[in-house]
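Asks: I'd like to ask you about the structure that follows.
Read-outs throughout are calculated quantities, based only on the coordinates presented, and are distinct from any laboratory measurement. Quick caveat: nothing in here was measured; it's all calculated off a predicted structure. Counting neighbours? That spans all protein chains shown, and the Cβs are built from the backbone with ideal geometry, glycine included.
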Amino acid sequence: MARLHTDREYERELAALRERVLLMGSRVEEMVHDAMEAFGGRDAALARATSTIDAQIDRLEVDIDERCLRLLARRQPVASDLRFITTALKLVTDLERIGDLASNICERTIELCGHPPLDIETDLPEMAQITSSMLRDCLDAFVTRDVAKAQRVMERDSLVDAAYAQTFPALSVHMATDPDNAQRLLSVGRYLERIADHTTNIAEMVVFMVAGTDVRHNQQVATGTA
């Protein structure tokens, strides 16, 4: 009976860890969405409110790190449990950095609200749409342990890179006349590109967690589970 209780307690600890990771992921997804809503509408109030979510994300990162370390020290997990815990330990670092980048977008938005908008079309809305869908899909892949979906997230990173590259020629003509605002828009593009990179990192971790395959330098993914 004591052995059964221990196993059940261990399963509860794993379930609680999974729930905390999912909560952090949902907060990060919310923050990215609201940051881009604020940017698109030049809404300084929404940008300021969105920035406050970053403190919640930071606290969740610390909590999850502590849970992971306790599980590793007390339970000595193996196989799929070990991969899940080590994945969670790494994944939250990327989520926290995405939160920081969303906060940076809010800061640039607040600055832009104090200036007349540039009369220019950029690929930033497309970048935001692709990046947000990547983040949503990589978190879904984590929940459902879906290697194929994680792989598709990795493949979309090149689309964000291509859209970011297009922002330079679009904004270069404004560098002489309005360099500060042009630079702020370029910064938002750079933040989105980095969010996509961190999202790709998470997708790679999902593949490792499920299939035990390290694809950080190899996009050919084994879809089996272990």
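Asks: Kindly put Tyr191, Tyr164 in sequence by how many other C-beta atoms sit within 10 Å of each C-beta, fewest to most. Let's see the in-between values first.
Replies: Details: Tyr191 24, Tyr164 20.
Going from sparsest to densest Cβ surroundings: Tyr164, Tyr191.
Asks: Right, here's the next one. Which of Thr87, Thr50, Thr213 comes first, and how do the rest follow, when ranked by fewest Cβ neighbours within 10 Å?
Replies: On the way: Thr87 21, Thr50 25, Thr213 17.
With the fewest neighbours first, Thr87, Thr50, Thr213 line up as Thr213, Thr87, Thr50.
Asks: Using a Gaussian network model on the chain with a 10 Å cutoff between Cα atoms, which of Val21, Val143, Val153 fluctuates the most?
Replies: Val143
Asks: Go ahead and run the numbers for FRET between Arg75 and Arg152, Cβ-Cβ distance against an R0 of 30 Å, rounding to 0.05. Walk me through the intermediate numbers first.
Replies: Details: r = 33 Å, r/R0 = 1.10.
With R0 = 30 Å, the Cβ-Cβ based efficiency is 0.35.
Asks: To continue, here is another question. Need one number: the % of Cα-Cα pairs in segment 2-211 sitting beyond the 26 Å mark.
Replies: Numbers: 8673 of 21945 pairs.
So the portion of pairs separated by more than 26 Å is 40 percent.
Asks: Compute the separation of the alpha-carbon centres of segment 15-43 and segment 72-99 and state it in Å as a whole number.
Replies: 20 Å
Asks: Something else now. Explain nothing, just the number: dipole magnitude of the chain about its Cα centre with +1 on each Lys and Arg Cβ and -1 on each Asp and Glu Cβ, in debye rounded to the nearest 20.
Replies: Numbers: 26 positive and 38 negative charges, 199 e Å.
That gives the chain a dipole magnitude of about 960 debye.
Asks: Here is a follow-up. Given points 7 Å out from each Cα along the Cα-Cβ axis, report the Ser172 to His115 separation in nanometres with one decimal.
Replies: 2.0 nm
Asks: Work from the charge dipole of the chain (Cβ charges, +1 for Lys and Arg, -1 for Asp and Glu, about the Cα centre) and give the residue of Ile130, Asn181, Ala203 farthest towards its positive end.
Replies: It is Ala203.
Asks: Turning to a different aspect of this structure: Could you tell me how many degrees, from 0 to 90 and to the nearest 10, lie between the Cα long axis of helix 2-41 and the main elongation axis, the longest principal axis, of the Cα atoms of the chain?
Replies: The answer is roughly 10 degrees.
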